[in-house]
Amino acid sequence: AALAVGGKPPRRRVLFPVILLLYLGVAWRGQQQVGAEGDEPHYLMVADSLLRDHDLSLERDYLEGRYRAFYRGATTLAPHYRVRGKGGEIYSLHAVGLSLLILPAYAFGGYAGASFFMALLAALLVREMRRLIGDWTDSSGLAEGLAWALALCPPLIHYAGLIFSEVPAALIVAAGLRRGRHLGRLGWGGTAGWAASLAFLPWLNVRYAPLAALLAAYGLARWPGWRKAGFLGGLGALSAVAIALYHRALYGF
């Protein structure tokens, strides 16, 4: 509270390494005490199948109990799916984006590597929130204080190390808001990266598609122009078509 009202903030370089170490510790405790629960093992199963079998079909993976490497439950883990795909194959009902995002970390360090990578994303989200608040309020003290408060309070600290889509989605949204405010300064390369991150949001979960659309509209309001609108609209349409073709390839519709 003292930081937010004008108290002397700690050095700016302290926030990220301290929070990262804290989140890595939280992630490690979660790995040791609980393991992957809820939807987490299903995201990991997709990553494991991509790594081992180079496909998305999961029936054999669940039958072989590959989830035992990270799932501690006493019961057999049933696959999450609604309908079978082409050829009667089982594909996860969860969006593939998160499994793709954690794939390098999972390939390097298994479940622990993926969990620590998610802790890193959570720490990056804290840093991005500090930048966003400072940019919008022109108050470094307020930004520092709120960043520490957000980092040490629920829900963010509860998500540290958990393999869910919320943290990477929040990171994209926070960065999208900050960079979208100054879109005209980014140039075409920076704009392309900003737009690509928005196009990736629905691949984490289709419920994030409205957020991507709102962020695109915000960016255009800050940096209007038909060419920019066409570029953003085309990239969004390309992402939507790719998602549709992806589902058609798996399910035939």
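The values are calculated or read from the model by the stated rules, or taken from the named source; none is laboratory data. Source: prediction; values computed, not measured. Positions of Cβ are backbone-derived with ideal geometry, glycine not excepted, and every protein chain shown enters the neighbour counts. All accessible areas refer to the heavy atoms of the entire protein, side chains included, with ligands and DNA or RNA removed. Shrake-Rupley method; radii C 1.70, N 1.55, O 1.52, S 1.80 Å.
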Worksheet item: Counting each DSSP H run of 4 or more residues in the chain as -39500 (n - 2.57), what helix-only mean residue ellipticity at 222 nm follows after dividing by all residues, to the nearest 500 deg cm²/dmol?
Response: -23500 deg cm²/dmol
Discussion item. Please list 3J(HN,Hα) in residue order for segment 62-76, calculated via the Karplus relation 6.51 cos²θ - 1.76 cosθ + 1.60 where θ = phi - 60°; whole Hz, with x for glycine and proline.
Written reply: 6, 4, 7, x, 5, 5, 5, 5, 9, 9, 9, x, 6, 9, 5
Discussion item. Probe radius 1.4 Å, ligands and nucleic acids ignored: give me the carbon and sulfur share of the accessible area of the chain as a rounded percent.
Written reply: 64 percent
Worksheet item: By the scheme Lys and Arg +1, Asp and Glu -1, what is the net charge of all other residues having a beta-carbon under 13 Å from that of Leu235?
Response: +2
Response to the item:
The size of the Cβ-based charge dipole (Lys, Arg +1; Asp, Glu -1) of segment 101-253 about the Cα centre, to the nearest 20 debye, is 440 debye
Practice prompt. Could you check which residue among Pro41, Pro168, Pro104 shows the biggest mean-square fluctuation in a GNM of the chain with a 10 Å Cα cutoff?
Written response: Pro104
Worksheet entry | Overall form of segment 99-138 per C-alpha gyration tensor (a/c, 1.5; a/b vs b/c) | prolate
Worksheet item: Using 0.36 nm per residue, how much length does the chain from Asp55 to Val206 gain when fully extended, once their Cα-Cα distance is taken away?
Response: 52.2 nm
Worksheet entry | In degrees, nearest ten, helix 40-52 long axis to first principal axis of the chain (Cα) | 70 degrees
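If you count only protein heavy atoms with a 1.4 Å probe, what accessible area per residue comes out for the chain, rounded to a whole Å²? Display every interim value, and only then the final one.
Details: 12830 Å² over 253 residues.
Solvent-accessible surface per residue comes out at 51 Å².
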Fill in: Computed accessible area, Glu89, all protein chains, 1.4 angstrom probe, square angstrom
60 Å²
Worksheet item: From a point 7 Å beyond the Cα of Arg185 in the direction of its Cβ, which residues of segment 125-159 have a backbone N at a distance under 17 Å?
Response: 128-140
Worksheet entry | Relative contact order (percent, whole number), the chain, Cα cutoff 8 Å, 6+ residue spacing | 22 percent
Worksheet item: Roughly how many Å² of Trp203 are accessible to a 1.4 Å probe, to the nearest 10?
Response: 50 Å²
Worksheet item: Going by alpha carbons, how many degrees (0 to 90, nearest 10) lie between the helix axis of 166-181 and the longest principal axis of the chain?
Response: 40 degrees
Fill in: Farthest positive-ward along the chain dipole, Cα basis, beta-carbon charges - from Gly97, Ser115, Ser140
Ser140
Worksheet item: Tell me, which longest segment in the chain has none of the trypsin sites (Lys or Arg not before Pro) that fall in DSSP loops with at most 16 further Cβ atoms within 10 Å?
Response: 85-253
Worksheet item: For the chain, modelled as a GNM with alpha-carbon contacts under 10 angstrom, which of Ala27, Ala147, Ala213 fluctuates the most?
Response: Ala213
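Need one word for the chain: rounded, prolate or oblate. Basis is the Cα gyration tensor (sqrt eigenvalues a ≥ b ≥ c); a/c below 1.5 gives rounded, then a/b vs b/c decides.
On the way: a/c = 2.85, a/b = 1.26, b/c = 2.26.
The shape class here is oblate.
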Worksheet item: To the nearest 10 degrees, how steep is helix 226-251 against the longest Cα principal axis of the chain, on a 0 to 90 scale?
Response: 20 degrees
Worksheet, complete the sentence: With the charge dipole of segment 134-253 built from beta-carbon charges (+1 for Lys and Arg, -1 for Asp and Glu) about the Cα centre, the Cα from Pro202, Gly236, Gly161 projecting farthest to the positive end belongs to Gly236
Worksheet item: What nm value, rounded to one decimal, do you get for the distance between Arg12 and Phe108 when each label is placed 7 Å out toward the C-beta?
Response: 2.7 nm
Worksheet item: Can you give the charge dipole size of segment 112-176 about its Cα centre, rounded to the nearest 20 debye, using +1 on the beta carbon of Lys and Arg and -1 on the beta carbon of Asp and Glu?
Response: 120 debye
